Amino acid sequence: MKKIMQIVFFHFSVVFFVSSCNLATNSEQVLSLSSKSANSTSSESEKSASWDQPIMPTKITCTSSTPDPLSLIQRLTKRQLTNSINLFLSEVDPTLASDSKLVSLIASIPSDIIAYKENSMLISQQLVNIHFDIFYRVGELVANSTTAQNSLVGNNGCMAASTITSTCQNTFVKNIGRLLYRRNLETAEVNTLISFFSNAELLSNADKVTAIVASAMGSADHNYQIYDKGNTIAGKTNSISISAIDYSNKLAFFLTGAPPDSSLRAVANDGSLLQKTVLTNQVDRLIKTAKGNESILKFYKEWLHYDHYEGLNYPTDFLSGQSTVNLQNAMTREVDEFLLSLTVNSKTSSYKDLMTSTNSFIYDDSLAQLYGISNPRGATVLNSRERSGLMTRAAFFS
């Protein structure tokens with residue numbers, strides 16, 4: 001069962017690598033790689049080297065006769081996919097996220113950082129294989145967790161029956177969809193997932209649950225940021241209005257790099273998210289979360305690269321007694337907290353403050369020594385003649 005699902009998943013992953021007016025895939029390369037998947041073996045060493053090469057898009061030219069350009073659909077990055085999986089598990093059974101096999105599989109996802117930035121346009125056989133193994137493992141974990149199954153059907157225990165009723169099947173599938181598709185499933189989608197319950201090749205209920213979860217996680221709606229459930233706009237070609245649920249997904253991924261949490265889903269489901277006050281409150285709440293802080297710092301690091309150092313391997317006589325113990329981490333942490341204090345924790349800070357503020361956050365003796373002060377082990381104010389503003393901090397001189 002697993003091998004068949006893996007072949008189907010690879011075909012889907014390559015074919016769904018979407019093109020637009022400004023960016024299109026090399027179709028011959030896609031078809032070539034797709035055709036090879038049916039003949040692939042389980043041995044990694046037997047695969048052609050081309051399996052592990054990313055399928056990169058090729059530029060095409062837009063002309064005046066070209067239809068309105070379509071938005072390029074973004075695949076979830078490693079960070080976003082990891083957050084999506086962890087959020088799903090945290091809502092069905094938090095203990096599952098620590099499964100050692102799953103943790104190892106997620107850690108094995110290749111880095112998608114290119115020139116210091118996340119890239120959502122890479123796809124390779126290696127990446128598809130790892131994704132499939134992750135989704136299948138999550139399915140196995142849910143299939144063997146009474147807690148997870150009960151949370152998805154309302155704690156009535158119906159998933160434990162030898163014959164699972166149609167009502168129980170519907171509830172299970174629809175709740176899986178709400179979490180993994182990040183929206184309510186359409187009737188055809190419900191029927192597709194429910195069909196696994198009657199699949200004769202799946203001998204046990206555990207196999208059926210595994211297949212449903214793995215299939216849902218392998219879907220386009222889980223792996224890509226798709227916003228296509230709005231209404232058509234009169235007089236506009238290839239344009240639709242954005243629904244509250246789609247907007248909640250865009251908002252969550254933009255601000256936190258993760259799907260909507262339960263609070264955001266609630267205001268999306270009742271439509272109130274589109275009200276200015278509700279939207280403002282949600283934005284303020286999200287950027288103050290741990291993942292919101294992470295996304296803010298990701299923006300600054302991609303812009304300024306202040307967390308990248310060539311090293312502190314200076315001669316002893318040059319250092320003149322200056323300690324380098326944990327210095328790189330200390331310099332990065334200082335800038336992290338400085339930026340968060342202005343961007344997240346203050347509603348009155350300006351660009352001028354970014355360039356002139358003397359506020360600092362120092363926790364390590366090595367950085368305090370570099371600045372010529374006693375270690376405050378927290379917030380402090382630096383000499384305005386020496387350390388005024390972001391660009392005067394040690395991280396930008398190393």
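Odds and ends about this structure:
- Subset of the range 361-384 [surrounded by fewer than 13 Cβ atoms within 10 Å (Cβ to Cβ) and of a type outside the set (A, V, I, L, M, F, W, C)]: G372, S374, R377, G378, N383, S384
- In the condition set (1) at pLDDT below 95; (2) assigned to a helix (DSSP H, G or I), S162 is compliant with all but (2).
- Single unsatisfied condition, I233 versus (1) buried (at least 18 other Cβ atoms within 10 Å of the Cβ); (2) outside the structural domain of M159 (by TED's automatic domain parsing): (1)
- The residues on offer are L122, L105, and the sole one that is over 24 Å from K250 (Cα atoms) and aliphatic (A, V, I, L, M) is L105.
- Among (1) of a type outside the set (F, W, Y); (2) under 28 Å from F299 (Cα atoms); (3) surrounded by fewer than 13 Cβ atoms within 10 Å (Cβ to Cβ), the one test that I113 misses: (3)
- Residue in the range 101-113 that is assigned to a helix (DSSP H, G or I), modelled with pLDDT under 95, of a type in the set (A, V, I, L, M, F, W, C) and under 25 Å from G177 (Cβ atoms) present: no
- Residue within the range 331-345 that is surrounded by fewer than 19 Cβ atoms within 10 Å (Cβ to Cβ) and assigned to a loop (DSSP other than H, G, I, E, B) present: yes
- When the range 211-263 is filtered for residues that are within 30 Å of S198 (Cβ to Cβ) and assigned to a helix (DSSP H, G or I), the ones remaining, listed by number, are A211, I212, V213, A214, S215, A216, M217, A220, D221, H222, N223, I245.
- Sole residue being of a type in the set (D, E, K, R) and either at pLDDT 95 or above or in contact with a Gly (Cβ under 8 Å, 6 or more places away or on another chain) (or both), chosen from D246, D228, D221: D246
- Condition met for F172 (of a type outside the set (S, T, N, Q) and touching a Phe, Trp or Tyr at 6+ places or on another chain (Cβ under 6 Å)): no
The values are calculated or read from the model by the stated rules, or taken from the named source; none is laboratory data. Keep in mind that what you see is a predicted model, and the values were worked out from it rather than measured. Here Cβ is always computed from backbone atoms with ideal geometry, including for glycine, and neighbour counts include all displayed protein chains.
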